[in-house]
Amino acid sequence: MKQGRIVRVSGPLVVAEGMDEAKMFDVVRVSKERLIGEIIELRSDKASIQVYENTGGLGVGEPVESTGQPLSVELGPGLIGAIYDGIQRPLDGIQKIAGDIITRGIEVPGLNRDIKWHFIPKVKAGDIVESGDIIGEVQETTLVLHKIMVPPGISGEIVSIKEGDYTVTETVATIKTKDGQRNLNMIQRWPVREPRPVKRNLAPKIPMFTGQRVIDALFPVGKGGTACVPGPFGSGKTVIQHQLAKWADAEIIVYVGCGERGNEMTDVLQEFPELEDPKSGEPLMKRTILIANTSNMPVAAREASVYTGITIAEYFRDMGYSVSLMADSTSRWAEAMREISGRLEEMPGEEGYPAYLGTRIAEFYERAGRAIALGSDNREGALSVVGAVSPSGGDLSDPVVQATLRVVKVFWSLEDKLAYARHFPAISWLNSYSLYTDELEDFYRQSDHPEWVEMREWARAILQEEADLEEIVRLVGVDALSSDNRLIMETAKSIREDFLHQNAFDDIDTYTSFDKQFQILNLIMQLHNRSAAWLKAGKAMEDLLKLDVKEEIARAKYIPEKEIERFEEIKKNIVSQTEIA
Ligand code: ADP
């Protein structure tokens, strides 16, 4: 293809002329150093290019060459456990070539070319296959069975396929398509800005249990749903993310770290590989992919990283897995957009962000979902997305937060006030919300605990009443409250301390099954109802506070899942201790 030449360099943005053969979103190689960039604006023969590497020292007149291809990722065995930069270059691969300082123009493929994977066919010669069909499997790690699928757009008859050890570039199967024979290897390339196709989208009707009580009970996410969490410093955002990565009902984790302060990303790179998968005892990295942008990487790479991450996540969804993607922080991603937009001299919107900020954020979250994948077996996969936002000064009126809240369905309001009071997880029970509760109702109704729906509403109402009563208490003191209202205050305290409060570092408390969550909340409600009757019969509030069973309820969260029958005993004690003589 014809070469262009640089006419202007402005930070991560390079303008080149003579690019009339190039297309929008083509990947280009800039200068003799062959820096990687992407065309983000084309006007006649002038291309504006965001460059994913440091542009220092580039000068006017240097060559620019289009590859004719959009920014794409490589999908196939070797993804799991990888740590990539924003354009899918493996960090260890770069380091091997360049040492600790990332030099420029380094080309390292996303998937290792040397590893031999053991491929086991799932179809045989003569079988007719369509896009998305699983033709074979590779046990990629002890925790992930990688399904090798027919890439979108290809279908036909299998001519040959054979079990064996292959690198990702070797042919594993040959297909007779209507346009002739095609050799398939284990790599699919996919342009990151384009959602991967599915057969059909499904409503998020199944909760993604996380084992975190405040989330599962009060603010649940549906599988394939979206959530947003702001993270004032020290509010426990990291702990929440680790808990979700470990415990959420998802088989594959994709974590996109978008240029937080440099050392924070280093923390992630050190901490994640140390996390253990609680179900198997294996390292969590055996089902995780990390995309890391440290702040010394150019902003444009940050802009690309969320797309790289979500494309990889979609690929595993297509295999029929439940995938959870976490992006931290999407505010840094939006800032990258703002910087590039500024350099393009676009008309700025609110606070300098581009006018298309909201559209971009919506397009990103819309790639989440539960879906029937391409392929003849109608397998179901889900991709849930949790985005962290970090507005400066914790200001929720920030344009990125507002644009995010317009599209996500769950908001976990992490509050530093609660963290100071050592109430963890510091998710506010008053300011958070989930818009999935209606869609999930059928699921709960058909579960072992159909009463869950009413019980949860009851708990929320008590917490709301507590907040209202607190106003009164502040004005006139607790003694002015009726005994009914004092009971509400007591019960609310129990909901907060015995149920919502959860210690991530306690072996048992760190995870609570749906069944056990039901049991704990049920105890609190039973005691509340019995107490109300007791008070009506003339008993004093002080007697209630002295009941032994209150202590048993407080300890109920430490009952191991295996000993769930112990809840029956506590229920009996509630009844016997509140007998109206
Ligand atoms: P952030 O990432 O928001 O700066 P962290 O996630 O590192 O904050 O949390 C700060 C501290 O709060 C942790 O070191 C831990 O002591 C405490 N903490 C946060 N969440 C929990 C939790 N669920 N259980 C127990 N302690 C927690």
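The values are calculated or read from the model by the stated rules, or taken from the named source; none is laboratory data. What you are looking at is a predicted structure, and each value in this text was computed from that prediction instead of being measured. Counting neighbours? That spans all protein chains shown, and the Cβs are built from the backbone with ideal geometry, glycine included.
For residues that are in contact (Cβ under 8 Å) with a residue 24 or more places away in the chain and either within 28 Å of Gly236 (Cβ to Cβ) or among the aromatic types (Phe, Trp, Tyr) (or both), tally how many sit in region 371-409.
Within region 371-409, the first condition is being in contact (Cβ under 8 Å) with a residue 24 or more places away in the chain, and the residues that meet it are 371-391, 394, 396, 398-401, 403-409.
Narrowing the set further to residues that are either within 28 Å of Gly236 (Cβ to Cβ) or among the aromatic types (Phe, Trp, Tyr) (or both) leaves 382-391, 394, 396, 398-401, 403-409.
Number of matching residues: 23.
Please enumerate the residues belonging to region 191-244 that are among the aromatic types (Phe, Trp, Tyr), modelled with pLDDT of 95 or more and under 25 Å from Gly393 (Cβ atoms). Even if it seems obvious, please write down each step before you answer.
At the first step, the residues of region 191-244 found to be among the aromatic types (Phe, Trp, Tyr) are 209, 219, 233.
With the extra rule that they be modelled with pLDDT of 95 or more, the set shrinks to 209, 219.
The one that is among the aromatic types (Phe, Trp, Tyr), modelled with pLDDT of 95 or more and under 25 Å from Gly393 (Cβ atoms): Phe219.
Listed residues Gln88, Gln69, Gln95, Gln50; which is among the polar types (S, T, N, Q), assigned to a helix (DSSP H, G or I) and at pLDDT below 95?
Working: Gln88 fails: assigned to a helix (DSSP H, G or I); Gln69 fails: assigned to a helix (DSSP H, G or I); Gln50 fails: assigned to a helix (DSSP H, G or I).
Of the residues listed, the single one that is among the polar types (S, T, N, Q), assigned to a helix (DSSP H, G or I) and at pLDDT below 95 is Gln95.
Taking Gln402 and the conditions (1) within 16 Å of the ligand (Cβ to nearest atom); (2) part of a helix (DSSP H, G or I); (3) surrounded by 12 or more Cβ atoms within 10 Å (Cβ to Cβ), which numbered condition does it fall short on, given that it satisfies the others?
All conditions pass for Gln402, except number (1).
When you go through Ile49, Ile106 one by one, which is the residue that is of a type in the set (A, V, I, L, M, F, W, C) and closer than 24 Å to Tyr255 by Cβ?
Being of a type in the set (A, V, I, L, M, F, W, C) and closer than 24 Å to Tyr255 by Cβ holds for just one of Ile49, Ile106, which is Ile106.
Checking the conditions here, which among Ile187, Ile158 is of a type in the set (A, V, I, L, M), within 18 Å of Asn112 (Cβ to Cβ) and out of contact with any Ser or Thr (no Cβ under 6 Å at 6 or more places or on another chain)?
On the way: Ile158 fails: within 18 Å of Asn112 (Cβ to Cβ).
Ile187 is the lone residue from the list that is of a type in the set (A, V, I, L, M), within 18 Å of Asn112 (Cβ to Cβ) and out of contact with any Ser or Thr (no Cβ under 6 Å at 6 or more places or on another chain).
Among the residues of region 459-493, what is the count of those that are outside any helix (DSSP H, G or I) and at negative phi? Please lay out each step first, then the result.
To start, the set of residues in region 459-493 that are outside any helix (DSSP H, G or I) comprises 477, 481-482.
So of that shortlist, the ones also at negative phi come out as 481-482.
Total satisfying the criteria: 2.
Can you find, within region 410-430, the residue that is surrounded by the most Cβ atoms within 10 Å (Cβ to Cβ) among those that are more than 9 Å from the ligand (Cβ to nearest atom) and in a helix (DSSP H, G or I)?
Step one: filter region 410-430 for residues more than 9 Å from the ligand (Cβ to nearest atom), giving 410-413, 415, 417-418, 420-421, 423, 427-430.
Filter again for in a helix (DSSP H, G or I), leaving 417-418, 420.
On the way: Lys417: 11, Leu418: 21, Tyr420: 11.
Out of the qualifying residues, it is Leu418.
For region 266-291, name all the residues that are of a type in the set (Lys, Arg) and either crowded, with 21+ Cβ neighbours inside 10 Å or more than 15 Å from Val254 (Cα to Cα) (or both). Walk me through how you get there before you give the answer.
Our first condition is that a residue be of a type in the set (Lys, Arg); within region 266-291, this holds for 279, 286-287.
Within region 266-291, Lys279, Arg287 qualify.
From Arg496, Arg456, which residue is more than 16 Å from the ligand (Cβ to nearest atom) and part of a helix (DSSP H, G or I)? Before the answer, list the steps.
Numbers: Arg496 fails: more than 16 Å from the ligand (Cβ to nearest atom).
That would be Arg456, the only listed residue that is more than 16 Å from the ligand (Cβ to nearest atom) and part of a helix (DSSP H, G or I).
It is to be established whether one or more residues within region 164-174 are surrounded by 19 or more Cβ atoms within 10 Å (Cβ to Cβ) and touching a helix residue (DSSP H, G or I) at 6+ places or on another chain (Cβ under 9 Å).
No.
Inspect region 332-355 for any residue being more than 27 Å from Asn503 (Cα to Cα), within 16 Å of the ligand (Cβ to nearest atom) and either assigned to a loop (DSSP other than H, G, I, E, B) or in contact (Cβ under 8 Å) with a residue 60 or more places away in the chain (or both) and give the result as yes or no.
Restricting attention to region 332-355, the residues satisfying the condition of being more than 27 Å from Asn503 (Cα to Cα) are 332-355.
Okay, now just the ones that are also within 16 Å of the ligand (Cβ to nearest atom), so 332.
With either assigned to a loop (DSSP other than H, G, I, E, B) or in contact (Cβ under 8 Å) with a residue 60 or more places away in the chain (or both) added as a condition, the list becomes 332.
Yes.
Within region 8-32, count every residue that is surrounded by fewer than 15 Cβ atoms within 10 Å (Cβ to Cβ) and either in contact (Cβ under 8 Å) with a residue 40 or more places away in the chain or under 23 Å from Val108 (Cα atoms) (or both). Full working, then the answer.
Taking region 8-32 and keeping what is surrounded by fewer than 15 Cβ atoms within 10 Å (Cβ to Cβ), we get 8, 10, 20-21, 23-24, 32.
Right, trim to either in contact (Cβ under 8 Å) with a residue 40 or more places away in the chain or under 23 Å from Val108 (Cα atoms) (or both) and you get 8, 10, 21, 23, 32.
Residues meeting the conditions: 5.
What number of residues within region 214-237 satisfy the criterion of being within 12 Å of the ligand (Cβ to nearest atom), in a loop (DSSP other than H, G, I, E, B) and buried (at least 21 other Cβ atoms within 10 Å of the Cβ)?
3
Ile240 - would you say it is surrounded by 23 or more Cβ atoms within 10 Å (Cβ to Cβ), away from the ligand (no atom under 11 Å from the Cβ), farther than 22 Å from Arg406 by Cα and in contact (Cβ under 8 Å) with a residue 12 or more places away in the chain? Break it down stepwise before answering.
Details: surrounded by 23 or more Cβ atoms within 10 Å (Cβ to Cβ): yes; away from the ligand (no atom under 11 Å from the Cβ): no; farther than 22 Å from Arg406 by Cα: yes; in contact (Cβ under 8 Å) with a residue 12 or more places away in the chain: yes.
Spelling it out, it is not the case that Ile240 is surrounded by 23 or more Cβ atoms within 10 Å (Cβ to Cβ), away from the ligand (no atom under 11 Å from the Cβ), farther than 22 Å from Arg406 by Cα and in contact (Cβ under 8 Å) with a residue 12 or more places away in the chain.
Determine whether region 176-188 contains at least one residue that is crowded, with 17+ Cβ neighbours inside 10 Å, of a type in the set (Ser, Thr, Tyr) and more than 16 Å from the ligand (Cβ to nearest atom).
no
Looking at Gln526, Gln517, can you tell me which residue is within 16 Å of the ligand (Cβ to nearest atom), part of a helix (DSSP H, G or I) and not basic (Lys, Arg)?
Details: Gln526 fails: within 16 Å of the ligand (Cβ to nearest atom).
Step by step, each of Gln526, Gln517 is checked, and only Gln517 is within 16 Å of the ligand (Cβ to nearest atom), part of a helix (DSSP H, G or I) and not basic (Lys, Arg).
Take the residues in region 379-395 that are assigned to a loop (DSSP other than H, G, I, E, B) and away from the ligand (no atom under 16 Å from the Cβ); name whichever of them is farthest from Tyr356 (Cα to Cα).
Among those that are assigned to a loop (DSSP other than H, G, I, E, B) and away from the ligand (no atom under 16 Å from the Cβ), it is Arg379.
Scan region 258-265 and tell me whether some residue there is more than 16 Å from the ligand (Cβ to nearest atom), over 14 Å from Asp328 (Cβ atoms) and out of contact with any Ser or Thr (no Cβ under 6 Å at 6 or more places or on another chain). Talk me through it step by step, then tell me what you get.
Just the residues of region 258-265 that are more than 16 Å from the ligand (Cβ to nearest atom), to begin with: none.
So far as region 258-265 goes, no, none of its residues is more than 16 Å from the ligand (Cβ to nearest atom), over 14 Å from Asp328 (Cβ atoms) and out of contact with any Ser or Thr (no Cβ under 6 Å at 6 or more places or on another chain).
If Gly211 satisfies all but one of (1) assigned to a strand (DSSP E or B); (2) within 16 Å of the ligand (Cβ to nearest atom), what's the number of the condition it fails?
For Gly211, the failing item is (1).
What is the number of the single condition among (1) in contact with a helix residue (DSSP H, G or I) (Cβ under 9 Å, 6 or more places away or on another chain); (2) surrounded by 15 or more Cβ atoms within 10 Å (Cβ to Cβ); (3) not hydrophobic (A, V, I, L, M, F, W, C) that Glu351 does not meet?
(2)
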